[in-house]
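Right, one structure below, let's go through it.
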Amino acid sequence: MKTLPHVIIVGAGFGGLEVAKRLAKAPVQITLIDKNNYHLFQPLLYQVAIAGLLPSQIAYPLRTIFRRQENLNFQMGEVTQVNFGAKYVKLNGSVIAYDILVLAMGGQTNFFGMDSLEQHSHQMKDIESAIKTRNHLLKMFERASQEVDIKKRRALLTFVVVGGGPTGVETAGALAELINLVMAKDYPRLNLDDVRVILLEATDHLMGSYPDGLRKSTFDLLRQKKVEILLNTTVKNFNGRKVTLGDGNHIEAHTVIWNAGVRASELADTIDVEKGNRNRIIVEPTLQLPRYPDVFVIGDAAYLEDADSQPLPLLATVAQQQARHVAMNIRHMLHNNPLKEFKYKDPGLLATVGRNAAVARIWGISFSGLLAWLIWVALHIYRLIGFRNRLVVMLNWAWDYFFYDSQVRLITKD
Ligand SMILES: Cc1cc2nc3c(=O)[nH]c(=O)nc-3n(C[C@H](O)[C@H](O)[C@H](O)COP(=O)(O)OP(=O)(O)OC[C@H]3O[C@@H](n4cnc5c(N)ncnc54)[C@H](O)[C@@H]3O)c2cc1C
């Protein structure tokens, strides 16, 4: 019997998951590898961090997703090495050979070599870091409620979010709402004037990739939610008590949430091929690795420029479109047909700033406010995997909306 070509997919995030699904009917045997046993919907991680959703509501077990896909075998574990010459990956100490390899291992937080920030600040990259952030935020309120020294109390209640891109903006807006709408009720003796949410951005505008009008709307919406915005401001150091800014000024704060950068994942660091900015692996327009045509790289791990010579953004939409393209190119490869070049189709922009507040550019039209927010809510519920998760998140958000509450404010072990 003829053996089918073996496709290994490393990473079951937005890119890897889509490639695997698209190859369901292809004449290949697939091994899908991920260090976690679930697919994570990263765009809602910040909701876990601000105690709005439970981790299980934004993650879904991979074995359940692929239960019925006969040509796929899932293996949980971390790929630690890839050998393109001998065509194998190393997983949990063993070697697995491939005919075609798809690298979709995503990115990691970029601290730009600032060790103090890496050590003391909070990030949102996985479930563990989001839970750690949630516990920390809630603990700050508990500690502040017992602190009599006003200076110390204010430092406990100062929350600095670094990075004015969509994730930083969403985090700052949601945090301000958690404090003003929910924590204010839980801690009636705390003076809300002691609380500060500060958003720091290195450039002179928020939401770098958005049109000017939406940047301005984002700025105004955040200000309405009582977020202090410091533009043209960089962070140099954070020791867990004090943030040192690029101009030498200080902010007394126990919390920094770092949303200022992403780079390709640890595995990309170990692979000795040509890299673009953020250590992303440079790929051909067909998404193949130069010199290794049987290897494809997609998503946050891949570096490819658009028609204006700009690197493609690190977005789920890019990873998913590239995944569909790679699945198509693998089919072409199997039939000895020429491979096609990838072109990213920008589906628009959408980010929320909190309750009734979002900014959007859809079909070239920019708008903000309630309509954008309703579209954001509907789209995020729709994009979650699993009917149960969709239903639970929808009910959860409806409850929060009508009762000005947030479901999960438990301090647990990190
Ligand atoms: C907090 C946050 C908010 C975001 N919000 C948005 C948004 O609103 N809209 C949007 O379009 N994008 C958003 N993004 C970006 C989006 O999540 C990424 O661009 C997208 O996940 C990239 O897809 P990927 O498949 O390349 O990687 P990922 O989805 O990150 O998947 C990589 C997978 O590889 C696995 N993995 C990594 N290394 C290994 C290894 N060595 N061995 C085995 N498995 C490994 C990981 O466990 C993970 O499951 C957000 C990102 C974050 C962190």
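The values are calculated or read from the model by the stated rules, or taken from the named source; none is laboratory data. On a predicted model such as this, the values are computed, not experimentally measured, just so you know. Virtual Cβ from ideal backbone geometry, glycine too; neighbours counted across all protein chains shown. With ligands, DNA and RNA removed, areas are computed over all heavy atoms of the protein, side chains included. Shrake-Rupley method; radii C 1.70, N 1.55, O 1.52, S 1.80 Å.
If I ask for residues that are touching a strand residue (DSSP E or B) at 6+ places or on another chain (Cβ under 9 Å) and more than 10 Å from the ligand (Cβ to nearest atom), which ones from segment 286-304 would you list?
Hits for segment 286-304 are THR286, LEU287, GLN288, LEU289, PRO290, TYR292, ASP294, VAL295, PHE296, TYR303, LEU304.
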Scan segment 56-86 residue by residue and report those that are near the ligand (Cβ under 10 Å from one of its atoms) and open to solvent by 40 Å² or more (accessible area, probe 1.4 Å).
GLN75, MET76, GLU78, THR80, GLN81
Residue by residue through segment 378-414, note down the ones that are outside any loop (DSSP other than H, G, I, E, B) and in contact with a strand residue (DSSP E or B) (Cβ under 8 Å, 6 or more places away or on another chain).
LEU379, ASN389
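Let me confirm something: among GLU170, GLU147, which residue is charged (D, E, K, R) and touching a Phe, Trp or Tyr at 6+ places or on another chain (Cβ under 7 Å)?
GLU170
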Does segment 117-134 contain at least one residue that is assigned to a helix (DSSP H, G or I), of a type in the set (Lys, Arg) and under 24 Å from the mean Cα position of the chain (by Cα)?
yes
Looking at segment 170-209 only, could you name the residues that are β-branched (Val, Ile, Thr) and either touching a Pro at 6+ places or on another chain (Cβ under 8 Å) or open to solvent by 30 Å² or more (accessible area, probe 1.4 Å) (or both)?
THR203
Can you run down the residue pairs with Cβ atoms below 6 Å, 6 or more apart or on separate chains, where the first is in segment 393-414 and under 14 Å from ALA378 (Cα atoms) and the partner is open to solvent by 100 Å² or more (accessible area, probe 1.4 Å) and not in a helix (DSSP H, G or I)?
none
Would you point out the residue of segment 117-169, among those that are farther than 23 Å from ILE229 by Cβ and within 12 Å of the ligand (Cβ to nearest atom), that is least open to solvent (accessible area, probe 1.4 Å)?
ALA130
Taking segment 87-107 and keeping residues open to solvent by 60 Å² or more (accessible area, probe 1.4 Å), more than 14 Å from the ligand (Cβ to nearest atom) and either among the β-branched types (Val, Ile, Thr) or free of Cβ contacts under 8 Å to residues at least 24 places away in the same chain (or both) leaves VAL95
Residues being under 17 Å from the mean Cα position of the chain (by Cα) and in contact (Cβ under 8 Å) with a residue 40 or more places away in the chain - total across segment 378-392
4
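Quick check, is VAL48 near the ligand (Cβ under 10 Å from one of its atoms), outside any loop (DSSP other than H, G, I, E, B), open to solvent by less than 20 Å² (accessible area, probe 1.4 Å) and at pLDDT below 95? Spell out the reasoning first.
Values: near the ligand (Cβ under 10 Å from one of its atoms): yes; outside any loop (DSSP other than H, G, I, E, B): yes; open to solvent by less than 20 Å² (accessible area, probe 1.4 Å): yes; at pLDDT below 95: yes.
Taking the combined requirement at face value, the residue satisfies it.
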If we keep just the residues of segment 305-343 that are part of a loop (DSSP other than H, G, I, E, B) and under 29 Å from LEU370 (Cα atoms), which is farthest from the ligand (Cβ to nearest atom)?
PRO313
If the Cβ limit is 6 Å and pairs must be 6+ apart or interchain, which residue in segment 292-311 that is farther than 22 Å from VAL7 by Cα pairs with which residue that is open to solvent by 20 Å² or more (accessible area, probe 1.4 Å) and among the acidic types (Asp, Glu)?
PRO311/GLU305
Exception for ILE30 within (1) within 15 Å of the ligand (Cβ to nearest atom); (2) open to solvent by 10 Å² or more (accessible area, probe 1.4 Å); (3) within 30 Å of HIS335 (Cβ to Cβ) falls at (2)
